[in-house]
Amino acid sequence: MSYVSEAQQLQAETEMKLDALYEKYSGYVPKGLDDEPWSAEEREIIRAFSAAVKALRLKYPDWEEAVEEYKRQKDEQGHG
C-alpha cells in the first residue's frame, strides 16, 4: 500500500463513521444552540482520524512527495 491509498481508505472509513453518527441523530431536534449530544462522539472520531493521519505521515516520511505525485497524475488525467 501507499500513503495515498491508506489515507484514502482512512478518509472513507471516517466518512462512514461520521455518516452513521449523523444518521443516528437525524431526527433529533436541538433544544438550544449548544444542544448537540453527538458532539463528543464526533470529536472522538475526528481526533482518531487526526491521530491516524499523523501515524501515516510517520510511516511514510515522503508523504508530501506522494501527495504531489497523486495531484500531478490527477491533473494529467483531467487534461489528457
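So here's what we get for this one:
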| item | result |
| --- | --- |
| Aspartates and glutamates whose Cα lies under 17 Å from that of LYS54, excluding same-chain neighbours fewer than 8 positions away | GLU6, GLU13, GLU44, ASP62, GLU64, GLU65 |
| Cα-based shape type of segment 22-80, given that a ≥ b ≥ c are square roots of the gyration tensor eigenvalues and the cut on a/c is 1.5 | oblate |
| Segment 3-79: relative contact order as a whole-number percent, Cα under 8 Å and 6+ apart | 50 |
| Cβ charges +1 (Lys, Arg) and -1 (Asp, Glu), total dipole of the chain, debye | 160 |
| Degrees between helix 63-79 axis and first principal axis of the chain (Cα, 0 to 90, nearest 10) | 80 |
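Computed from the coordinates by the stated procedures, all read-outs in this text should not be read as laboratory data. Computed from a predicted model, the values in this text were never measured in an experiment. Positions of Cβ are generated from backbone atoms using ideal geometry, with glycine treated the same way; all protein chains shown enter the neighbour counts.
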